[in-house]
Every structure is written in C-alpha cells, then in structure tokens.
1. Would you please list the contacts, defined by Cβ atoms under 7 Å and residues six or more apart or on different chains, that run from a residue in segment A:52-80 that is at positive phi to a residue that is open to solvent by 20 Å² or more (accessible area, probe 1.4 Å) and among the basic types (Lys, Arg)?
2. Out of all the residues in segment B:202-220, is one or more within 12 Å of the chain's Cα centre (by Cα) and charged (D, E, K, R)?
3. So, in segment B:203-248, of the ones that are within 10 Å of chain A (Cβ to nearest Cβ), part of a helix (DSSP H, G or I) and of a type in the set (Asp, Glu), which residue ends up least open to solvent (accessible area, probe 1.4 Å)?
4. Given the conditions (1) within 21 Å of the chain's Cα centre (by Cα); (2) more than 7 Å from chain B (Cβ to nearest Cβ), which single one is not true for A:THR77?
5. Only one residue in B:VAL287, B:VAL257 is open to solvent by less than 10 Å² (accessible area, probe 1.4 Å) and on the phi < 0 side of the Ramachandran plot. Which one?
6. Tell me the residue from A:SER285, A:SER266 that is touching a His at 6+ places or on another chain (Cβ under 9 Å) and under 30 Å from A:ALA171 (Cα atoms), please.
7. Search segment B:290-342 for residues being in contact (Cβ under 8 Å) with a residue 40 or more places away in the chain, in a helix (DSSP H, G or I) and open to solvent by 10 Å² or more (accessible area, probe 1.4 Å), and hand back the single one that is nearest to A:PRO244 (Cα to Cα).
8. Could you grab me the full set of residues in segment B:106-141 that are under 22 Å from B:VAL341 (Cα atoms) and either part of a loop (DSSP other than H, G, I, E, B) or at pLDDT below 95 (or both)?
Number of protein chains: 2
Amino acid sequence: MSSLETELREQPAALARLLERQGERAAELAATFRRDDVHYVLIASRGSSSNAARYAQYVLGRANRVPVMFATPSLYTIYEQPPRLDGAVVLGISQSGASPDVRAVLAEARRQGRPALALTNDPDSPLATEADLVLPLEAGEERAVAATKTYVNSLGAIALVFAAIGDDRVAQAELARMPAALEEQIELSFGTAPALAEYSDAVGATVVARGVNYGTGFEIALKIRELSGLVVEAYSPADLMHGPIAAIQPGWPVIAVAPTGPSHMSVSELVPALVSRRARLLAVSDVPELLEQAQTPLPLVPGVPEWLSPLVAVVPGQVTAMRLAQQRGLDVDSPPGLNKVTLTR
Amino acid sequence: MSSLETELREQPAALARLLERQGERAAELAATFRRDDVHYVLIASRGSSSNAARYAQYVLGRANRVPVMFATPSLYTIYEQPPRLDGAVVLGISQSGASPDVRAVLAEARRQGRPALALTNDPDSPLATEADLVLPLEAGEERAVAATKTYVNSLGAIALVFAAIGDDRVAQAELARMPAALEEQIELSFGTAPALAEYSDAVGATVVARGVNYGTGFEIALKIRELSGLVVEAYSPADLMHGPIAAIQPGWPVIAVAPTGPSHMSVSELVPALVSRRARLLAVSDVPELLEQAQTPLPLVPGVPEWLSPLVAVVPGQVTAMRLAQQRGLDVDSPPGLNKVTLTR
C-alpha cells in the first residue's frame, strides 16, 4: 500500500488523537481570540494549509463574528512594508512549519506586539519558535508529498478552537463524533471509486463549492492536481458565473461539493447551467436529488452537521485524486517535480 | 471594429477623464481611510472588480500600511451571520453596481455604522445608493461583455485614492502620465500580437504574477478565459510552487507577468522550473533578460513606476485574449453563455 493510502486511512485515528490531546491548548488559543483588543484574525499559510485557512474564515467568522483576512506575504518579504496590525490576532498554519514567508508574518506580529499563534505538525519548527502559543496537529509523521491527515487535522484544530471560543458543548460533542464519521466516509468513498474509470481521458476539471466547504473545493482541486498533473481549479458558484464559466466546455468534468446546509442551494442552482454546457457532473453530497442528477455520485455519509462537513467532504476528493493518478500509472507518493517541504518567501 | 477593440483603444481617454474629474472625490474617500477608528479595509467585489481589489490590497496596504481583506459574501447572504465590522472601512467595487451580494456587504456596513464607499461606473446603481460616498469610474458606456476600460479605470480610481491618502505629489504626477503610457502600450501590444498565432492549439494556460501585479495575473487569466473559453488560471509563483506546478506539462503556455520592480525576481526565479517542465513561456515585462528567455515576448513600455505598472501590464493580456478568440472564430463581443451584468448572492 502507498504511503498516501496508508495516511489517508489513518485520518480517523489522527483526528481522534488531536481531539484527545489538544482540547486544553485549543482553549488557550480561544482566550486570545476573545480578547477585547482583537478586531480581526490575520492568517498566513501556503498550499493545503491555505485551504484549511478558508475553513477558518467561515468557522471563526461565525464564532464571535470575527472577520478573517489572509496575509499577503510579499508585503512582508519582498516589499518590506508590512501593514500595521493594530486589532489583529495573527495565526500561522503550516504542516512543516518551515516556510520562511509564513514565519515572516508571525515575526512581524511579535515585532508589533500582537498575539502570534501557530497550527503546525512540527512543534519544534521555525514557525512554532516564532509563536506565543502553538497547537500541535498531532497527525504523526506524514511521508507522502500530498497532505491528507495533516489537512484534516488542521480542520480539526480549527474546529476545536471554534468550539472553545463559544464554550459550546453541543459543538464539542458533534466534533467528538467526527473520527467515527470519517472512518465510515473512507469506506464509502473507496467503495464508489470504480466509477472514476470513465475519467481516464480527462485533461482537467473544475471544482465548485461554497461557504464552509469553499476551502474543500480548493483542497480537492489541489490534491487531484498534485497527484495526477491534471489542470484542476476551484471556484465558488458566484465567482464562476462572473465570467470563468466560459471555459466549461462539453465533456469537462465539474465536481460539485454540496453537503446538506445553507450553501447547498447555491451550488445546486448551478446545475442547469452546467447541463446546458454539457459538462460531466460529479457530486460530493449527501443530498439524494443532487446525487441522482450527477453522472458520477460521490456520496457523503449522512448526519454530519454542516460546519463539520469539510472533514468528511474532502475524502471523496482524496480518493478521486489517488485513483486518477493510479489510472495514469503515476507514483502517488512522489509526484514528479514536487517536494514535501517547499520554502518560499 | 468590435466593441471590445473600440473600448480597449478608448482606455487612455477614459483614464484621462477619470483623473481630470474625480481628484476631489478621491480626496474625500482618502479622508475616510485616514480616520483614527479605521484599522482595516474590507472590499466586496466579483469578477474583474475582484482583480482590481487585489491591486487595492497591495497599493492601499502600502499607503498608511492599512491591511485589506476581502469579504466572504455568503456570510452576509446565505448564512446571514455577517461579522462585526468594528475598525473597518467597507469598499464595494462593481462596474455595473448591480450585484446583490456586493450590495449586501455595504448594507451591513451601514447597519453597523461603518463607512461604506463604492467604486462603480453607474452612479445611479443600487450599489451607489447604498454607499456614503461614490467614486464614479467615468469609463463611459461599456458594451462588450468582457470588461476593459472599466477595469483600467477601477485601477486608476484606486491609484487616485492612494495618492490622495498620502497627499503624495510625486505619485499624483506619475499617475497623470499614465494615459500617455497606456496609449503607447496599446500600440506596442497590437504590434506584437501576430506572434500569438502559434498558440492556436492551446487548450489552456497559466498566468504567474506577484505583488502589485498579482491582480493583473488574475485579470489576464479571466480575459482569455471569457473570450476564448480556454482554461486559464493565475497563481503567485510561491503558491504555484506549493503543489499546483504539477499540472504544468510540456508545451503548456505560461504567461509570466514581471515588470521592473521588487516582485520581478520572484517571478523570474520560476523560469528554470518552467524550462525543466518544457512549458512555453510568454513574458509580459520591460526587462530585456526575461523577454529574451521567453518563446513569446510581450513587451511593456519602459519607464512606468512599479506601483502603476498594472495599468499597462494588463494590455498585452487584453490583446492576447482578443487575438486567441478571433483565431478560433469567436465573437469577442458576446462570448457564448455570458452576460454583461451577472446577479449573484
């Protein structure tokens, strides 16, 4: 079995470990978010961690209604004109904790006397050293170049902090059930993978998602792209309608990520436009109507609350990415030209 | 001549009109940005206006060092859980001023007693009605579905406000020279367009850009995509290195946007990785070394200060988009399935 598949299957255990060990630390981070002088959250990240950051944007945006912004690292590194950070709490997210640009943003937070927090799988990394408080991701060593369990545990860490900010027992109980849901989802997704054989001719795909799953769309796109070299991109349905839909040609695969919840309708409303462009529709959903409309249903386990659905909704994408690469005879542990740790400024 | 080409050629006159008429209004907006209770800027936008918003993120981020964040409209519309906007000045950018989601963000700003500003080409639009202060784009009627002069005038409006925030006479003088530079750029880009014939077989492309031109990369990608239906995407070189470069296959066109300035190096450092993947390189630049390395040089007029380079750097992209579509026999004024005004929530 590839490292990728092993790690993908380890996700439920890795998530359970995080939840078991890091509740207290999550509460310490939450106290920082609740400070009176905090008006917004500034997140620095790259790659898969940026997709986890998009989850934080929705989940933390709804907890305490705190707005979340993404750092523009070049202002810190290339232009050396970092913004004033009055009112900010700064959060760095990095699996390796090694990228200089993410670290530079945290260093600036400390220089300006603002709280600096880190989510990283390596509590001894340069990023962790720069932070006031570190939440270790507890994913264990990850060997495959494509992140799986570090991604899901980044989401889990954000969910832990969210539940702690509101001291929300219902949310905590819902989160505690996620390792089991994830286990079930992995079995379900491996079961539906054979239907992907018909996409062996694809040159690319578009993933559409919104709201709490907006980041899921980007993560699925990145995973397929990294593993198979296909041109895969992600859009919100609203952004797609403002021009980019022009590139959806007949036969082009579109993966609609639309679990039950307030943003489901925004994605499913796009289906007629996709049908009229004769796209091939894959649906990541637990909603029977949408699964029936799809050429390729990629079902989600039912009963997961919307705010936690990103932890399961990424799994069909991970499995799809792995299968599409294997169909092309590629080594899923070492995609050509990629490294596990990427250092950018 | 198509409406698109007419409007593309009208850009210098449209920009001159904006600069001539709206200096005073820009100063009023600037006063709002300078208020003591303003810690950050929140921008709401869609489509080409989101690419102009990225320019604002860099330019305003450097003026007064004020951080800029993008709104997540679904929190306002679908989830009905808008964030607290303490410390924010809110800016809506919309060519038509008609999209309900952009308007919803401004309405929330007013509800929370925060300043609400709008950049729009229609001062009687719903967006303008919602704003405390409106800066009209003065682009004149735009008939082609793909935005050209409204995009450049959105950049011009942001540049006007930037120069006013710092009461910066040097910047104002530099901006006053841009209509002439734009005129020269349009001639230059039409002159180099014949070299695009060799891309008639392309199915897509990747645009790479950073810093003040990060939004230029997205706008060039959107323009080519809207007009020709090709799959075109944009990345910063740092983000591309964190995984997505896997999809750059032999022969894939990569458009590197890298005018003289601090971010030039970050883009040009990527060239060896692109060469080793045997990509076809198009370079939008005024730097001779980069133009020589490119299979297809798309030269920029020299002497434009970096902070204003996005106003000229988009032009080779607009001309490329038009030519690629015409090579495919498409009507550049009405790309299939697109409308001039898109209403999303």
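1. Hits for this filter: A:ASN64/A:ARG34; A:ARG65/B:ARG84.
2. yes
3. So the residue we want is B:GLU226.
4. Among (1) within 21 Å of the chain's Cα centre (by Cα); (2) more than 7 Å from chain B (Cβ to nearest Cβ), the lone unmet condition for A:THR77 is (1).
5. B:VAL257
6. Unique residue meeting the criteria: A:SER285.
7. Across segment B:290-342, the extreme among qualifying residues is B:LEU324.
8. B:ASN121, B:ASP122, B:PRO123, B:ASP124, B:SER125, B:ALA131, B:LEU137, B:GLU138, B:ALA139, B:GLY140, B:GLU141
The values are calculated or read from the model by the stated rules, or taken from the named source; none is laboratory data. Computed from a prediction, not measured in an experiment: that's the story for all the values here. Because the Cβ atoms are built from the backbone with ideal geometry, glycine has one as well, and the counts that use them run over all protein chains shown. The protein model used for the area step is the full one, side chains on, heavy atoms only, and it has no ligands, DNA or RNA in it. Shrake-Rupley method; radii C 1.70, N 1.55, O 1.52, S 1.80 Å.
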